[in-house]
Amino acid sequence: MVNPATSTWDSEAVSVLQRMWGAGNSASVIAAAMHRSRNAVIGKVVRMKLQRANGWPVTMKARTAFQTRTKALSSRTEPARPVSYLKARDFHCHAVLDQRGADGLRMRCGARHLKGASWCQAHYLAYFNHSRSP
């Protein structure tokens, strides 16, 4: 039995949860819309024994930023010309190569880095392609 004095789920929040869950929204999307944690939403869904019309499991996650970014990077671009370490700019990839320039310093990848990352597409996938379970 739920004690209404201590419950943070009022009838309006429960109806919003039921409507969004029935529409097929993920727990992450519902949690963001309701300003709650994903675990709180999943816990309430489990306690209410809500079912999906299409048979999706209760704990299915929305795509993360990592999954979205790596999906968008599936095709590789041609490599850029390496840049001397001292001549590299902020927009260049921060990957340090095993090559040395005429000045004897290491070279950096000359490609533009991805938005929100310090590396180009090829180096981002090489350094951060961890096998993550969906």
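The values are calculated or read from the model by the stated rules, or taken from the named source; none is laboratory data. Please read all numbers here as calculations on a predicted model, not as lab measurements. Glycine also receives a Cβ, built like all others from the backbone with ideal geometry; neighbour counts cover every protein chain displayed. Surface accessibility is based on the protein's heavy atoms, side chains included, excluding ligands, DNA and RNA. Shrake-Rupley method; radii C 1.70, N 1.55, O 1.52, S 1.80 Å.
Side notes on the structure shown:
- Subset of region 10-30 [at pLDDT 90 or above and assigned to a loop (DSSP other than H, G, I, E, B)]: ASP10
- For region 90-102, filtering for residues that are more than 18 Å from TYR124 (Cα to Cα) and open to solvent by 90 Å² or more (accessible area, probe 1.4 Å) leaves 3.
- Region 31-83: number of residues that are at pLDDT 70 or above, assigned to a loop (DSSP other than H, G, I, E, B) and either open to solvent by less than 90 Å² (accessible area, probe 1.4 Å) or within 27 Å of ALA122 (Cα to Cα) (or both): 7
- Complete set of residues in region 107-127 that are outside any loop (DSSP other than H, G, I, E, B) and surrounded by 14 or more Cβ atoms within 10 Å (Cβ to Cβ): MET107, ARG108, ARG112, GLN121, ALA122, HIS123, TYR124, LEU125
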